[in-house]
């Protein structure tokens, strides 16, 4: 993909994806769901936050196409629908590690 030729509409879609990932709780939910499908109650238990808060974040991630969901009786189970999201996270983490390492070296001088 040639990033220099992206139309403004495509750039807006990309920016929207980054905005969705700009919330720490959403990143935490992605990490939890990387291990496999979970229902809302399970996610509430591991994050120790409210059901309303978790549901709001799950809805945002689902609307963005990052998560998928299925209903089983009264429970809704969430799963990663776009596993490529972890490639993006890995790129960011790798970049941050390099930056922290460089800053540590500069401070040691």
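The values are calculated or read from the model by the stated rules, or taken from the named source; none is laboratory data. Quick caveat: nothing in here was measured; it's all calculated off a predicted structure. Don't worry about glycine lacking a Cβ; one is built from the backbone with ideal geometry, like all the others, and counts go over all protein chains shown.
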- Exception for residue 41 within (1) under 12 Å from the mean Cα position of the chain (by Cα); (2) surrounded by 11 or more Cβ atoms within 10 Å (Cβ to Cβ) falls at (1)
- Would you call residue 53 surrounded by 12 or more Cβ atoms within 10 Å (Cβ to Cβ), within 19 Å of residue 20 (Cα to Cα), within 18 Å of the chain's Cα centre (by Cα) and modelled with pLDDT of 95 or more? yes
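Checking the condition within 15 Å of residue 85 (Cα to Cα) and either assigned to a strand (DSSP E or B) or in contact with a strand residue (DSSP E or B) (Cβ under 9 Å, 6 or more places away or on another chain) (or both), which residue from 43, 30 passes?
Numbers: 43 fails: within 15 Å of residue 85 (Cα to Cα).
Only one candidate passes the filter, namely 30.
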- Message: Looking at region 24-41, I want the residues that are on the phi > 0 side of the Ramachandran plot and modelled with pLDDT of 95 or more and have a partner that is part of a strand (DSSP E or B) and crowded, with 16+ Cβ neighbours inside 10 Å with Cβ atoms under 7 Å, at least 6 apart or on another chain. Which pairs are those?
- Response: none
- Looking only at region 5-22, decide whether some residue is surrounded by 13 or more Cβ atoms within 10 Å (Cβ to Cβ) and under 8 Å from the mean Cα position of the chain (by Cα). yes
- Residue list for region 55-83, filter: touching a residue at least 40 places away in the same chain (Cβ under 8 Å) and part of a loop (DSSP other than H, G, I, E, B): 64, 66
